[in-house]
Amino acid sequence: MNDCYKMTKRFIYIISFAMLLSVVTGGCRKKLADLYYDPDQTVQPSIEKFFTEMLNNNRVRPSYWNIRTFVVMHTGIYTQSIGYLNTTTAYQQNAGYTQDRWNDFFRPGIAANGNSGIMAHYRLIESLYESITDDQRKANAEVFLMAANVVMLDQASQIVDLWGDIPFSEAGSVNTSGSIVMPKFDNAVEVYDAILEGLKNAALYFSTTQLPTAAHALFSKQDILLNGQFDKWQRYANSIRLRLLMRLSFVNEEKVKTEVLNIINNPSLYPLIDGASNYTPVTTDVLLQPLTTYAEDLHNALSEVFNYSAPDHLLNKVMKPSNDPRIPVCFDKYGRTEGDQFIPNADYNGLPVSANAEQQQVNLGRYAILDSATFLFNSKLPGIVITSSEVNFLKAEAWERWGGGDARAAYETAVRQSVSFYYYLNSLSTTLRTPLAQPAANVVDTFLQSDQMKYAGTINERLAKIWVQKWVHFGFLQSVQSWAEYRRTKYPVLQFYPSTLPGYEWPPSRLVYPSSETSYNTNYATVKDKDVRTGKIFWDVK
C-alpha cells in the first residue's frame, strides 16, 4: 500500500469530522430541516440542532441497513433471536458491515440518513457549550449538553459491550493545529466507570433543574426522543445505569449490590422506566419513533438472506410449551406452494437449528416466519432504547439474588408488560390486517401459572426464568442488549450448528476491531493482543 493511499485514508479522520460543519441539502433532508437549521444562520448549525441530529439515529431505529447488515448477520445469529441458515460463514464477522457500525458511533455520516455519529456530534455540542460566554445562555444550553451526554453514554456502553476497550476520552477530538489526533484506547472497565458516573450526574441534573419557559420550549421542540420531559430523562438515565450495574454484577457483586438496591428500593429518589402505574408502551417506554415521512419496512432486510424464519429455540422450546400469548403477534404459521396450491402450515414451528443450510433452505415454507404485520411490513416500528419490561426483569434479578423486594411480582410485571409491548407493536401496523386485540387478563394469568413460566423452584431455576424471559422480550429488535445479557448470564442454553470454516466454528464472544483502527490508529498496538474473536468483555466471567 503506497504512502499516498495511506495518507488519503488517514485524512478521513479529519474530513468526516469536518463534514459536520457544512449543511447537507436535498429532498430527504427536508424532514428535519425545521429542527436542524438555525433560522438566523442558515449555514451554521447550532448546539440544539446538533442535539436533534444526534437523536436521529438509525442504529437505534430498526432501519433496513442496521437490521440487514448488522443484526441478521451478527447479533441476531449470536443470540438466535432470528432464524438463519447454517452456512459456513454464519459466524464469520463481516468486516465492512461492522466497520460501518463502528463508524456510525464515532464519525458523522450522511445525517439525513440517520447516521448520526454520536460521539462526533457530542464533542461538537461539548465544544459549542464551552464557547458560550453569556451566563444565562450557557445555563439554558446546559440541558442540551446533559441530554446529549445521556445518549452518548448509553450508546458508548453498547460499543464497549460489542468490542471491549474503545477510544473514549480522546475520541472525536481534532487537534487545534489541524493535525490528526489518534485517540487512545481506554480500558473497558474505566469506560464503564465513567459512563456510570456520568449517568448518575445527569439523572441528578434532570431531577433538580428548572429552565425559563422559552428555553424549555426550545428543548422540547428539538427533543425528538422524549419531548422535553425532564422526569423521563431522569428515569432514562437511572434505568440505563441500573442496566449497566447489573451487567457488572458478577464482577464486583458487593459494590453493585449496594448501588442497585439503593436505586430500586428508593423510587422517589431514583425513578425508573418501570411502568409502576398505568403502563402504556408509547408513553412509558423510551422509544425513538420513526420520522413522519418514513414509509419503508423490514421485509427486504429480513428476507434477502433468509432471516425471516421463526427461530428454533425461541419458538419450539420456550414459547410453544408455555402457550405464550405473544406467539400470534410475533409469528405467522406460513406455508408452502405445491403446484398452483398454497398449503398453509397447521401450526407454529421454528426453523430447526440442527439442519444444514441446504436442508433448511429447501424446507423454509414448512416453518413459521416473523409476523408480517408486526415486523415484516410495519413502517411504524420504533427504535427501542429501554422498556419497562427490561427494567422489571432487572429488578426481579436483583431482588432474587440479594433480597429487599418482591422478585416474583417484578418478574410477573415484566412478563405482562412484554405481552402488552408486542401487542402494541402489532397495533402500529394496519396495512395487512386489523391489529390483534390484547389478550384478556385471565389468559396472561394462566400463562404465568404454566409449568414453564411459574415463578417457582430453586434460586437458580427462578433466575433462569428471569433471564430467559428477558431474552424473549429483547427479540431481534434489541439483539445488541440480548447478546450482552446472553454472554453475562449464559441463558438461555443455546445449541449452535458447528461451521466447517476453520477459526469460525462457533459464534464469537466479541467483535474484532475494524480496519480503521487496526491500520491507521497508532494506539491499536496497546490492544492488539486482546483483539481476538474468542476474547471476553470484562463483565463476561460466568
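The values are calculated or read from the model by the stated rules, or taken from the named source; none is laboratory data. Computed from a prediction, not measured in an experiment: that's the story for all the values here. In this analysis, Cβ positions are derived from the backbone assuming ideal geometry, glycine residues included, and neighbour counts consider all displayed protein chains. Side chains are part of the model used for accessible areas, which takes the heavy atoms of the whole protein and leaves out ligands, DNA and RNA. Shrake-Rupley method; radii C 1.70, N 1.55, O 1.52, S 1.80 Å.
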Qualifying residues in region 424-472 (those that are modelled with pLDDT of 95 or more and of a type in the set (D, E, K, R)) - the one least open to solvent (accessible area, probe 1.4 Å): LYS470
Which of (1) touching a residue at least 40 places away in the same chain (Cβ under 8 Å); (2) open to solvent by 10 Å² or more (accessible area, probe 1.4 Å); (3) not hydrophobic (A, V, I, L, M, F, W, C) does TYR334 not meet, given it meets every other one? (1)
For PRO325, only one of the following conditions fails: (1) open to solvent by less than 60 Å² (accessible area, probe 1.4 Å); (2) of a type outside the set (D, E, K, R); (3) under 30 Å from ARG235 (Cα atoms); (4) in a helix (DSSP H, G or I). What is its number? (4)
Those residues that are within 26 Å of ASP297 (Cα to Cα), touching a residue at least 12 places away in the same chain (Cβ under 8 Å) and touching a Gly at 6+ places or on another chain (Cβ under 9 Å), I need them from region 343-374; list them, please. ASN345, GLY350, LEU351, GLN360, LEU364, GLY365, ARG366, TYR367, ALA368, ILE369, LEU370
Checked region 227-242 for anything surrounded by fewer than 19 Cβ atoms within 10 Å (Cβ to Cβ) and either closer than 18 Å to ASP193 by Cα or touching a residue at least 12 places away in the same chain (Cβ under 8 Å) (or both); matches are GLY228, ASP231
Of ARG336, ARG326, which residue is among the charged types (D, E, K, R), touching a Phe, Trp or Tyr at 6+ places or on another chain (Cβ under 9 Å) and within 19 Å of PRO281 (Cβ to Cβ)? ARG326
Within region 445-495, the count of residues that are hydrophobic (A, V, I, L, M, F, W, C) and in contact with a strand residue (DSSP E or B) (Cβ under 7 Å, 6 or more places away or on another chain) comes to 1
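Every residue, every condition in (1) among the hydrophobic types (A, V, I, L, M, F, W, C); (2) in contact with a Leu (Cβ under 7 Å, 6 or more places away or on another chain), yes or no:
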site	(1), (2)
ALA203	yes, no
PHE230	yes, no
ILE263	yes, yes
LEU272	yes, yes
THR280	no, no
Given the criteria under 21 Å from GLU126 (Cα atoms) and within 19 Å of the chain's Cα centre (by Cα), does ILE240 qualify? no
Taking region 277-305 as the search range and keeping residues that are part of a loop (DSSP other than H, G, I, E, B) and within 17 Å of PHE70 (Cβ to Cβ), which one is most open to solvent (accessible area, probe 1.4 Å)? GLU296
Scope region 116-149; condition open to solvent by less than 40 Å² (accessible area, probe 1.4 Å) and either part of a loop (DSSP other than H, G, I, E, B) or β-branched (Val, Ile, Thr) (or both); matching residues: SER116, GLY117, ILE118, ILE125, ILE132, VAL143
Mind checking which residues of region 525-534 are touching a residue at least 40 places away in the same chain (Cβ under 8 Å), surrounded by fewer than 18 Cβ atoms within 10 Å (Cβ to Cβ) and either touching a Phe, Trp or Tyr at 6+ places or on another chain (Cβ under 7 Å) or not in a helix (DSSP H, G or I) (or both)? THR526, ARG533
Hits in region 498-515 - residues which are more than 19 Å from GLN158 (Cα to Cα) and open to solvent by less than 40 Å² (accessible area, probe 1.4 Å): SER499
